[in-house]
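See below for the structure under consideration.
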Amino acid sequence: MLNAAAALALLWSLAVSDPAANAAETTAVPYTEVLAAEAAAIEASAAAADAFMNEEPDWRLSARLYHAGGGGATGADSLGCRPIAMRTVAIDPRVVPRRTRLFIRETVGMQLPDGRVHDGFWYASDTGGAIKGSKIDLYTGHGRGSMRPAMPLNMNTLTVVEAGRFDGCPPDWE
């Protein structure tokens, strides 16, 4: 059985490897090892979320939702990065510094459109003219329908913990 670090390394190598370039050096990975690596990565993510679940909040922020298309967000975020659905947030940088990795308790367990469950981690890489003070905009994806999973959070106060910093474009976490 793989430990969490080995599982993440295996998943990363599978994701970035070039099969044509490495064909002579690689062998097939048994499906059971891939499943074990995925399970270990999920377990590692859950353990990380558990570590922040009982932390004292750094901020209590009033939530809004935004999406791409139809007058919503377009193009890049304020760092020049591609916004990632259910991960990017817009904040007032005078309240929450940009490039902050955030843990939002209320989003843990939220059902995502692809069937996965949210682990609670987001990143502050966007700003907005309407985001002043203790507000946070959660980017949900493309179109109004993308807002459905997060709609119960709209206009509610969220418990937000600083979970680290990142450089470059997310998800390059520390």
How do H142, H118 rank when sorted from fewest to most other Cβ atoms within 10 Å of their own Cβ? H142, H118
Put in order of increasing Cβ neighbours within 10 Å, starting from the fewest, S134, S125 give S134, S125
Cβ-Cβ FRET estimate between E55 and A28, R0 fixed at 30 Å, reported to 0.05: 0.10
Taking amide hydrogens as modeled 1.01 Å from N in the peptide plane, which residues meet the under 5 Å criterion relative to R64, leaving out close sequence neighbours? I136, D137, L138, M155
Going residue by residue through segment 84-97, the Karplus relation 6.51 cos²θ - 1.76 cosθ + 1.60 with θ = phi - 60° gives ³J(HN,Hα) values, rounded to whole Hz and with x marking Gly or Pro, of 10, 4, 6, 9, 7, 10, 9, 9, 8, x, 7, 9, 10, x
State to the nearest 20 debye the size of the charge dipole of segment 75-159 about its Cα centre, where the only charges are +1 on K and R beta carbons and -1 on D and E beta carbons. 120 debye
Could you please rank D92, D58, placing first whichever residue has the fewest other Cβ atoms within 10 Å of its Cβ? D58, D92
Stretchable slack from V117 to C81, in nm (0.36 nm times residue separation minus alpha-carbon distance): 10.6 nm
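Quick note: the coordinates plus some simple rules give every number you see, no bench work behind them. The shown structure was predicted, so the numbers you read here are calculated from the model rather than taken from an experiment. Backbone-built Cβ (ideal geometry, glycine too); neighbour counts: all protein chains shown.
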